[in-house]
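The values are calculated or read from the model by the stated rules, or taken from the named source; none is laboratory data. Being a predicted model, the structure only gives us computed values, none of them experimental. Here the Cβ is made from the backbone with ideal geometry for all residues, glycine too, and neighbour counts use every protein chain on show. Surface accessibility is based on the protein's heavy atoms, side chains included, excluding ligands, DNA and RNA. Shrake-Rupley method; radii C 1.70, N 1.55, O 1.52, S 1.80 Å.
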Amino acid sequence: MWRMYRRSRTICLFLAFTTIFLHLLLALLSLSTYHQACDTPLSPRTHILRELAHTNYTSVEISGRAALPADTTQRGSSTNDANKDAKGHVQTGSASINMAGGVGCNGASRAESLECGLSKLEALFDHSLYTMPFTHIPEEDWLLKVKPKIKASEKSYEDMQWNSSSDSHPPWLRFHLGISRWQLYPHRDPNMDALAQQLATHPIVSAVQKSGGTQLKLVMSFPNYGQAMLKPMKQERDDETNYNLYYFSDFERHNAEIAAFHLDRILGYRRVPPVVGRLVDVVKEIKDVTTDRKLARTFFNSPVGNVCFYGQCSYYCSTEHAVCGRPRKLEASVAVMLPDLSLVTRRTWRSPWRRSYSRSKLANWEAEPNYCSTVKKTPPYNKGTRLLDFMDMVIMDFLMSNMDRHHYETFEKFGNNTFLLHLDNGRAFGRHSKDEPSILAPLEQCCRIRRSTWLRLNLLSLSQYYLSDVMRASLSRDPLHSVAPLLSEPHLTALDRRLKTVLETVSRCQQQRHQPHNPLM
């Protein structure tokens, strides 16, 4: 019994010492690991963004070869470079792209939320994806040629120094002189504030109805010879489009035009002419200054004393659809006009994914599964960056739920090697409770996207740059924000939801690319 007692005690002591030794060893290993990891570990998706952010900013798609982007001021390359086949691979460590977690600015008070969003907006515009190094733009890549300086002895009364940096020129002229082959205005354009101020406050000396189009639009003129396109408020911001109403029968919204400009700028495109909101006096700034007799005949006073008018157009120009002030003040979007067509011609292109505009007939892209393969063989989509430019427009239209993109325009001077103008966005932001997946059909069918666009979309899904937060902040700078937010919170939430859908669509394309015998690749 004594021997058994001593043996059991020895075993217990051995096990106790072994346990203490193992605990000390684990403690030492944990301590060394703690001192090793000083930085907060990045999520796998953040690693992907960091790696791609340090690569070159070439245009890419989800399968193909690389080419130059068409969305930066740094396009000093030759036409031959830009005409390379605009294809490329998106290489990532993961096939799926998910929305990053994090807290937005919605949980705070309204003032704190806007301050938070403005900080995010400034950080976004300071990001390397938006601030690429500036390079010289060749003279042939400017839309309007700069007039050479004239000797003092040769100057006449009519001579002026034509350059985009001259403070003597009005903001609208500086804007025109700043248009290049690749964008309407540069990032952080110092002229933008002055241009917005002119559109929102300068006296209106003339107002005439713009001919053509389906709904009422006015051309406003300023004392400095600038002109702007005015679209009046026709319905409340929170009014959703009726579910039974076809997209081509919807009203155009003044706040949609303003929001589209801000979204285009946030996406880094800079292809929508600058737009601001303005409270217009229907009598003093339209009725009393118009020289359009047809427009003047349509003014009347409503039963409650509001001044109304309806103009003449294809649809919704009648007393039943009149535009009315309250009693004279009218909200409107005011967009700077592009250079006159007599100086700079523009070419109109029919969208390959144009809708049928019929209540029963399907368009070709809706009936043919391999429709994109036909488009890719058709000029101008068979070379250059045109197809990638079109995908940029598709993504923007899906984010703001614009189904009415039947045509687009380009400046004829630059041929096929230039950006697409994103005009007429009045039918966007009609519904926030429903997304329209058919708008993304080109992206799904072609599986192509520009690298810079893909990187920015990923950036806008991160908590520090949430698309809804930066949009809310950007819109808060518009003059009409003092009346009411230009986009309601449901519309801002819809932007984040739709961005997630775009990223998931790209992920599916990446997965298809790695499948054997994939007919799309």
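So if I take the centroid of the Cα atoms in the stretch 368-387 and the same for the stretch 296-338, what is the distance between those two points in Å?
43
Determine, for each peptide in 268-278, 342-352, the mean count of other beta carbons within 10 angstrom over its residues, then list the peptides with the highest first.
Ranked by mean Cβ neighbours within 10 Å, highest first: 268-278, 342-352.
May I have the extent of the alpha carbons of the stretch 387-470 along their three principal axes, as whole Å values ordered from largest to smallest?
Ordered largest first, the stretch 387-470 gives principal extents of 41, 28, 26 Å.
Pop out the ³J(HN,Hα) list for the stretch 441-451 in order, Karplus 6.51 cos²θ - 1.76 cosθ + 1.60 with θ = phi - 60°, rounded to Hz; leave Gly and Pro as x.
3, x, 5, 5, 6, 9, 6, 9, 7, 6, 4
Taking only protein heavy atoms and a 1.4 Å probe, what accessible area per residue, in Å², does the stretch 246-404 have with all protein chains in place?
I get 44 Å² per residue for this part.
Once R0 is set to 35 Å, what does the formula 1/(1 + (r/R0)^6) return for the Cβ-Cβ distance between residue 483 and residue 406, expressed as a FRET efficiency to the nearest 0.05?
Numbers: r = 32 Å, r/R0 = 0.91.
According to the calculation, E is roughly 0.65.
Shape call for the stretch 334-478 from the C-alpha gyration tensor, a ≥ b ≥ c root eigenvalues: rounded (a/c under 1.5), prolate (a/b greater than b/c) or oblate?
In terms of gyration-tensor shape, rounded.
Using 0.36 nm per residue, how much length does the chain from residue 301 to residue 349 gain when fully extended, once their Cα-Cα distance is taken away?
That works out to 13.1 nm of additional length.
Let me make sure I get this right: for the stretch 431-475, a, b and c are the square roots of the gyration tensor eigenvalues over alpha carbons, sorted descending. Under 1.5 in a/c it's rounded, otherwise prolate if a/b > b/c, else oblate. Which is it?
Because a/c hits 1.5 or more and a/b fails to exceed b/c, the stretch 431-475 counts as oblate.
With label points built 7 Å along Cα→Cβ from the Cα atoms of residue 433 and residue 360, find their separation and express it in nm.
That separation, rounded to one decimal, is 3.0 nm.
Hey, what's the Kirkwood Rh for the stretch 211-351 if you take every pair of different alpha carbons, in angstrom?
So the Kirkwood estimate lands at 16.6 Å.
Could you give each residue of the stretch 403-412 its phi-based ³J(HN,Hα) in whole Hz, using Karplus coefficients 6.51, -1.76, 1.60 with θ = phi - 60°, and x for Gly or Pro?
So the J values, rounded to whole Hz, are 9, 9, 9, 8, 9, 9, 10, 9, 7, 5.
Using a probe of 1.4 angstrom, how much of the accessible area of the stretch 273-420 is carbon and sulfur, in percent?
In the stretch 273-420, the share of accessible area belonging to carbon and sulfur is 48 percent.
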